[in-house]
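Step one of this worksheet: look at the structure below.
The values are calculated or read from the model by the stated rules, or taken from the named source; none is laboratory data. Everything numeric in this text was worked out from a predicted model, so none of it was measured. Heads up, the Cβs are rebuilt from the backbone with ideal geometry, glycines too, and the neighbour counts pull from every protein chain shown. SASA here: full protein model, heavy atoms, side chains in, ligands and nucleic acids out. Shrake-Rupley method; radii C 1.70, N 1.55, O 1.52, S 1.80 Å.
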Amino acid sequence: MSMSIIFFLLLSSCTSSVLSADVNDGLVLLKIKEQLGNPQELSNLAEVYQHCGGTTFNFHGEIQCDNNGRIHYLTLLSITASAPFPEAICDLTELEGLSLLSLYNLYGPIPSCISQLSNLNLLDIERTGLSGSLPESLFLNHQKLKYLILTSNAFSGSIPTSLSTIPTLSDLDLSNNSLTGTIPPDLVHGQDAAISLNDNRLTGEIPKCYQWLPLHGISVRNNELNGDPSFLFNKENIIGIDLSHNDFEFDLSNVEISKSLRSLYLGFNKIYGNIPQSIASAHADYLIDLDLRNNNLCGEIPQSQVAPWQPFEASIFADNKCLCGSPLPPCQNPGPAP
Ligand SMILES: *[C@@H]1O[C@H](CO)[C@@H](O)[C@H](O)[C@H]1NC(C)=O
């Protein structure tokens, strides 16, 4: 290679390098503040940014940045501003964590520009007035997302099936919105995964493939789900299951209980059959929280063989079809067969 060609390559690689001097997260912060209507709670925002990562200020949130002043974590907390989602946030392209907590008067949808934040591993939006659907494309670019927490907002429509394409997603909490439709398959992948979909209007069954997901916890309390999800009870490493306040209808008589399970809430469904010995033994041994209230269960409550054990509390069996035996009143002797 001749010298002139090498020189040309060097020159062209220099001139084509883009300096990022025009990226100024400090200015972006001021824009965010402006888009929120310059709320009183953010009056010292510039000062907090000047010292980000160092001194802690009395501030409605938290800012963490690197040596170049690029913001990696931004939390805004308890700000009363009434405004749409401040789109300037989408210009904080190094963000790994974004938390918007108790911004009750924030309204409108999550803007599509949020897909620019491809480094996010945490997106936590809780207790805001944000509404609208969660389009399939919204999180497609977030292939590093680990925690997606969108609880207590006003989101509607169905859960995006595209969440299942995020290989790192392990903690999904969409509780307390107005979500409808069915639960998509394979929503989480990471180890020790947990799903909370409580307090929505979801319908249909829990997909069978959840049997094979590495789930620690699944909570779908207070939806309109149906079918038989008892395949979850014997999952390896499962710790907590809350299926209460749905339309689940299945026979409890032969279920098996995983040794790892600590809480099993089944109250307020249409579960029938009798209570199997496996549940009594598990409850005496490792299953600490059990709730079977308000179902269609029947028959004699099995007594545990494991000692020492806590007696059942009567309340966990209340409002069933015809359960009997300790701690409920004794079963009626059916008398001699005719
Ligand atoms: C659900 O969200 C609403 C609105 O943000 C809130 O007032 C309510 O306390 C939340 N409920 C639960 C159970 O978190």
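Brief remarks follow.
- Computed over neighbours whose Cβ is under 10 Å from that of residue 161, the net charge equals -2, Lys and Arg +1, Asp and Glu -1.
- Spherically averaged projected area of the stretch 228-338 from its Cα convex hull (nm²): 7.2 nm²
- GNM on the chain, alpha-carbon springs under 10 angstrom: the most fluctuating residue among 326, 263, 196 is 326.
- Label point at residue 201 placed 7 Å out along Cα→Cβ; residues across the stretch 120-164 whose backbone nitrogen lies under 16 Å: 131-134, 153-159
- With all protein chains modelled, accessible area of residue 265 [1.4 Å, Å²]: 80 Å²
- The largest accessible area among 236, 47 belongs to the first residue in 236, 47, and the rest follow in falling order (1.4 Å probe, all chains).
- Label-point separation in nm, residue 191 to residue 44, each point 7 Å along Cα→Cβ: 4.1 nm
- Ordered from largest to smallest accessible area (heavy atoms of protein chains, 1.4 Å probe), the residues 235, 270, 321, 33 come out as 321, 270, 33, 235.
- Taking 27 Å as the straight-line reach from the Cα of residue 208, the lysines in range (excluding those fewer than 8 positions away in the same chain) are 144, 146, 235, 259, 270.
- With all pairs of different C-alpha atoms in the average, the Kirkwood value for the hydrodynamic radius of the chain is 23.2 Å.
- Protein accessible area in the stretch 228-334, 1.4 Å probe - carbon and sulfur %: 47 percent
- Accessible surface of the stretch 71-190, 1.4 Å probe, proportion on carbon and sulfur as whole %: 52 percent
- Nearest 10 degrees, 0 to 90: helix 25-35 Cα axis against the chain principal axis: 70 degrees
- For the residues 60, 283, 142, a 1.4 Å probe over the protein chains yields an accessible-area ranking, largest first, of 60, 283, 142.
- Estimated from helices alone, the mean residue ellipticity of the chain at 222 nm is -3500 deg cm²/dmol (sum of -39500 (n - 2.57) over DSSP H runs with n ≥ 4, per residue).
- Separation in nanometres of the label points that stand 7 Å from Cα toward Cβ, at residue 288 and residue 141: 4.3 nm
- Chain lengthening between residue 180 and residue 102 when straightened (0.36 nm per residue, less Cα-Cα): 25.7 nm
- What separates the Cα centres of the stretch 124-178 and the stretch 190-237 is a distance of 16 Å.
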